[in-house]
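Single-structure report; data block below.
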Amino acid sequence: MNRDEIIGGIAIFLFGMATALLSLGMPIGTFRMAGTGFFPLCLGILLMVLSVLFLSKLFFQGKKVSVKREFVERHGSIKQLTFFFGTMVLVTLFFNRLGYPLTSLLLMVALLRILGIKRWGLNILISVVTAVGSYFLFVKWLDIPMPKGWIGL
Amino acid sequence: MFESLQQLATGFTIASTVQNLLYCLIGCIVGTLIGVLPGLGPIAGIALLIPATFSLNPTSAIIMLAGIYYGAMYGGSTTSILLNVPGETASVITCIDGYQMAQKGRAGPALAIVAIGSFIAGTIGIFGLVFLAPPLAEAALAFGPPEYFSLMVFGFVVLSNVTGKSFLKSLMMAIVGLIIGTIGLDPVTGDARFTFGSIYLLGGIEFVAVAIGVFGIGEVLVNINQPSELLDQGVLMPRLRELYPSFQDLKKSIGAILRGAVSGFGIGLIPGPAPVIATYTSYMIERRVSKHPEEFGKGAIEGVAGPESANNSACQAAFIPLFVLGIPFGPVTAIFLGALLIHGVSPGPLMISQHPGLFWGVIASMYIGNFILLILNLPLVPLFANILRIPKRILLPLVILFCMTGMYTVNNSVFDIWMMLLFGAMGFLMRKWAYEGAPLLLALVLGPKLEVAFRQSLMISHGNFEVFISRPISIIFLLATVIFLVFPAVRLIFKKSKKGGG
Amino acid sequence: MLKRIFAISLILSCFIVMPTHAADFPTKEVQIIIPYSAGGATDLIFRALAATTGKYLGKAVVVVNRPGGGGTVGVTEVAQAKPDGYTLLSAITPLTILPHRVTTAFTYKSFDPVINVVKDPGMFLVKSDSPWKSLKEFLDYAKKNPGMITVGNSGAGGGVHLIALAFETTAGVKFNHIPFAGGGPSVTALLGGHINAVSVSPPEGIEHVKAEKLRIIALFAEKRFELFPDVPTVKEQGIDFVMGQWRGLAAPKGTPPDAIKKLHDAFKKGMDDPVFIKNAKDMVVNLSYLGPEDFGKLMAHDDEFYSKLVKEMKK
């Protein structure tokens with residue numbers, strides 16, 4: 001899986017470069033009166049240097065795997081992962097509009113389905129209990145302000 | 001000193017009234033619940049409940065609020081162990097080995113050792129508070145911007161590689177963390193940095209969002225990416241006698257607990273995010289001291305016992321500057337300051353002499369609180385451990401709901417939830433590319449302070465770098481950093497020459 | 001049987017959480033948004049006020065912290081909130097400062113003033129053993145050594161920083177301003193001797209003055225403090241400079257006038273409540289009531305003042 005490490009290294013290099021470039025657009029100042037961009041510029045450059053060091057170490061070490069990875073190599077379905085994450089994103093988009101109880105309900109229903117709870121009865125039961133339960137626990141009992149949404153809860 | 005003991009005894013009398021015991025109990029229970037919810041840390045919990053204390057006398061009020069504080073600390077580690085979701089900032093380190101222990105079916109011992117370790121650390125902390133408070137508080141004042149900078153540099157270098165895997169990679173993660181920490185308002189000039197016009201980014205990225213995202217959400221995503229059959233399982237279910245620590249576990253942990261208690265106490269006295277630093281330091285110490293360092297990261301019980309004890313004593317030590325100097329060194333103690341003020345008690349140099357009953361009563365109740373939490377939490381261990389029995393198909397969505405809710409409660413901001421998701425994705429990638437999250441989080445916490453201290457020092461000294469070397473405390477830390485960096489290289493050179501020669 | 005009970009209770013619970021009908025204001029709790037984290041001076045004052053006002057309003061008053069962006073996030077939120085009287089802003093002097101320093105989505109005109117609660121003067125503190133025994137000595141030294149005296153503040157561009165800058169201009173001296181992350185750290189730095197003086201406003205530093213660890217070397221008030229009658233104001237000593245911070249409540253523009261009136265009356269009673277008065281006294285904050293109109297005038301006046309001051313600063 002050296003390929004993953006290389007991609008990682010390059011990603012970090014790009015991030016460092018972006019930081020350095022963006023900081024140049026800010027006042028750098030002097031050591032006496034360090035400007036806003038001073039620190040990020042140093043960091044960006046440092047990061048670029050380190051990632052180059054890292055990548056060159058990888059190349060010189062060749063095929064030798066330096067880190068024993070515990071990450072499971074067999075992948076589950078990418079589709080499942082995408083749907084899961086996608087649901088989280090969608091729900092967050094409507095969080096304020098729908099209000100907390102509805103959002104938590106929808107979230108649970110969707111995620112449970114994606115992960116394979118095919119029986120709707122079980123799905124709805126768990127989702128409702130969780131949503132109602134957390135609503136009462138956090139909003140009613142602990143008095144924590146949560147978005148009210150259009151049904152006004 | 002003898003007088004202190006007498007007053008402590010009086011304090012215990014005050015703290016042990018049925019009324020105050022009850023408030024302590026309520027505080028502990030509420031605190032644990034709050035702590036379990038990620039994000040909703042002690043700060044929000046205490047702030048929410050201050051109005052509820054208005055009808056109480058100051059002593060009882062503070063006793064209850066303090067109970068919430070430790071309760072939250074306990075609760076925070078529960079989710080770290082069970083779900084890899086840091087309940088609050090100081091629980092990040094607990095995720096590393098605690099979660100691994102749970103995955104191996106050892107959630108019970110992990111949870112229990114947290115309770116036991118914290119209790120022992122709390123006891124030691126009480127003695128520290130009683131006997132060392134005033135002189136230590138004054139010592140903390142000697143930390144000005146240059147000392148603070150050198151301390152941060154030292155902490156940063158030493159603790160970046162807290163998990164001991166690739167130093168280079170940890171350093172890279174740390175720098176990334178530093179960069180993320182610069183987003184927001186430049187603390188010195190007040191200008192916006194990397195905010196791209198968003199008002200939400202003006203305050204920087206919420207630490208909790210990154211912590212829950214990288215650790216909690218990242219873990220969930222990694223789990224989903226596994227083959228489908230694994231989702232039907234819960235985690236290995238331990239047998240009854242494996243629910244609590246074995247004698248061997250206790251033997252291994254006691255050293256860690258004691259070391260954690262002492263180091264945590266010292267660190268807690270320093271201004272700043274002491275509990276977080278205390279946990280990282282303790283982990284580092286344990287890893288260095290252990291005869292089996294390779295176990296760390298895979299479920300070493302010392303990696304849980306030490307940091308959690310350090311966390312507890314750091315929290316206790318944080319009260320010293322508050323009570324003795326009247327200055328809160330962190331956000332939680334700041335709220336306590338507020339609570340005290342609202343009740344008409346102004347902490348400061350005069351507080352102990354003007355309100356001895358309050359001071360000693362609260363100290364005594366801290367001890368009682370620790371005890372209550374121990375007996376409250378130990379029986380709950382099986383209950384909590386059983387949560388892991390839930391098949392992952394159901395557990396994972398619950399975790400997501402849990403994280404989202406908790407995240408929102410920190411700032412009532414949906415933007416934070418977005419950040420959490422973003423860092424969740426990043427956490428997933430980090431696992432794929434084998435990068436550690438702990439250095440990043442540490443850098444996120446220390447970074448802004450590091451930069452501020454650096455610039456403040458130079459402003460005070462008119463650009464003269466000497467300021468870092470001419471002051472004793474500062475130069476000690478800088479030297480220590482240099483030694484720390486150079487030492488492994490020197491040792492390597494010696495090893496090589498020995499090998500070459502022999 | 002069990003299933004039926006479950007089903008019925010489920011349906012019943014839906015009724016409990018149905019929306020209530022709009023009736024007389026207020027029908028639910030009122031929120032005060034504080035654009036800073038808990039524990040600061042503003043936070044404390046409004047928590048104390050919220051506690052006593054609840055009973056006069058008939059519904060609870062709840063404080064919500066919305067920190068971030070140097071105070072802009074919380075303010076923006078209220079500026080964009082529904083003007084129905086249920087969301088209020090703790091309006092403090094930086095409201096009139098911020099729009100001139102950074103691009104904000106609001107100005108003081110985005111709000112309808114409700115009531116002003118406190119007004120506290122700015123002041124400079126030094127350690128009790130500091131070599132400058134009087135304001136005159138302090139300023140003389142500053143004149144001879146421009147840019148040498150380090151004066152801490154609670155944040156670059158914040159209220160007390162600007163007070164210090166304005167004082168500089170009036171007194172004709174130059175200080176070396178060192179920003180800290182809040183009033184607490186700046187006072188700590190002074191106590192540790194890392195800076196020469198600090199610019200604050202009560203209740204910051206008050207405890208230490210009471211304990212005689214710190215001294216008030218310059219007081220930018222009209223009158224002397226009740227608690228410290230021996231401390232002269234700078235005005236008495238020949239420098240016509242009075243500057244401070246006000247803290248009050250404001251509602252988003254367009255809030256119905258009768259909601260504002262009800263809020264104003266309730267908060268005024270809350271301010272007059274003996275518990276609040278005692279709290280304020282303990283915190284050494286100066287109660288300074290202003291009704292909506294006068295408060296509005298104050299905001300307008302300060303807005304212009306700071307607009308000029310910030311332009312000077314930026315030069």
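Listing for the model above:
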quantity	calculated
Qualifying residue in region C:221-230 (condition: under 30 Å from C:Glu77 (Cβ atoms) and among the aliphatic types (A, V, I, L, M))	no
Unique match (being touching a strand residue (DSSP E or B) at 6+ places or on another chain (Cβ under 8 Å), within 22 Å of C:Asn153 (Cβ to Cβ) and of a type in the set (A, V, I, L, M)) among C:Leu249, C:Leu190	C:Leu190
Hits in region B:409-460 (condition: polar (S, T, N, Q) and either without any contact (Cβ under 8 Å) to a residue 12 or more places away in the chain or more than 26 Å from C:Ala181 (Cβ to Cβ) (or both))	B:Asn412
Residue in region A:72-86 that is modelled with the lowest pLDDT, counting only those that are within 9 Å of chain B (Cβ to nearest Cβ) and surrounded by 14 or more Cβ atoms within 10 Å (Cβ to Cβ)	A:Gly76
Selection count where residues are at pLDDT 80 or above, within 25 Å of the chain's Cα centre (by Cα) and more than 7 Å from chain A (Cβ to nearest Cβ), scope region B:388-403	3
Criterion: at pLDDT 85 or above and of a type in the set (A, V, I, L, M, F, W, C) - qualifying residue of B:Ile126, B:Ile183	B:Ile183
Restricting region C:184-203 to residues that are out of contact with any Lys or Arg (no Cβ under 9 Å at 6 or more places or on another chain), at the interface with chain B (Cβ under 10 Å from one of its Cβ atoms) and in contact (Cβ under 8 Å) with a residue 60 or more places away in the chain, the residue that is farthest from C:Thr42 (Cα to Cα)	C:Val187
Odd one out for B:Glu436 among (1) buried (at least 18 other Cβ atoms within 10 Å of the Cβ); (2) at the interface with chain A (Cβ under 9 Å from one of its Cβ atoms)	(2)
Residue count for region B:13-26, restricted to those that are within 20 Å of B:Tyr69 (Cβ to Cβ) and modelled with pLDDT of 80 or more	8
Residue in region C:117-133 that is within 19 Å of C:Ile260 (Cβ to Cβ) and away from chain B (no Cβ under 14 Å) present	yes
Test: residue in region B:140-149 that is within 17 Å of the chain's Cα centre (by Cα) and buried (at least 24 other Cβ atoms within 10 Å of the Cβ)	no
Pick from region A:114-130, criterion more than 8 Å from chain B (Cβ to nearest Cβ) and buried (at least 18 other Cβ atoms within 10 Å of the Cβ), ranking: nearest to A:Phe83 (Cα to Cα)	A:Ile114
Where B:Phe329 falls short, out of the listed (1) closer than 22 Å to C:Asp43 by Cβ; (2) assigned to a helix (DSSP H, G or I); (3) at pLDDT below 75	(2)
Unmet requirement for C:Leu227, which otherwise passes all of (1) more than 18 Å from C:Ala91 (Cβ to Cβ); (2) crowded, with 17+ Cβ neighbours inside 10 Å	(2)
Residue satisfying condition, being facing another protein chain (nearest Cβ under 10 Å), over 22 Å from B:Pro145 (Cα atoms) and free of Cβ contacts under 8 Å to residues at least 40 places away in the same chain, within set C:Glu236, C:Glu137, C:Glu207, C:Glu168	C:Glu207
Residues satisfying the stated conditions in region A:3-28, i.e. β-branched (Val, Ile, Thr) and under 26 Å from B:Arg431 (Cα atoms)	A:Ile6, A:Ile7, A:Ile10, A:Ile12, A:Thr19
Filter result (within 14 Å of chain B (Cβ to nearest Cβ), out of contact with any Ser or Thr (no Cβ under 7 Å at 6 or more places or on another chain), closer than 23 Å to C:Phe305 by Cβ and assigned to a helix (DSSP H, G or I)) within region C:77-108	C:Pro94, C:Ile97, C:Arg101
Test: C:Asp273 is surrounded by 14 or more Cβ atoms within 10 Å (Cβ to Cβ), under 25 Å from C:Ala81 (Cα atoms), in contact with a Lys or Arg (Cβ under 9 Å, 6 or more places away or on another chain) and charged (D, E, K, R)	no
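This table checks each residue for (1) more than 10 Å from chain C (Cβ to nearest Cβ); (2) among the hydrophobic types (A, V, I, L, M, F, W, C); (3) surrounded by fewer than 22 Cβ atoms within 10 Å (Cβ to Cβ).
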residue: B:Ala274; (1), (2), (3): yes, yes, no
residue: B:Gly303; (1), (2), (3): yes, no, no
residue: B:Ala314; (1), (2), (3): yes, yes, no
residue: B:Phe336; (1), (2), (3): no, yes, no
residue: B:Phe359; (1), (2), (3): yes, yes, no
residue: B:Ile363; (1), (2), (3): yes, yes, no
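The values are calculated or read from the model by the stated rules, or taken from the named source; none is laboratory data. Just so you know, these numbers come straight off a predicted model, no measurement behind them. Counting neighbours? That spans all protein chains shown, and the Cβs are built from the backbone with ideal geometry, glycine included.
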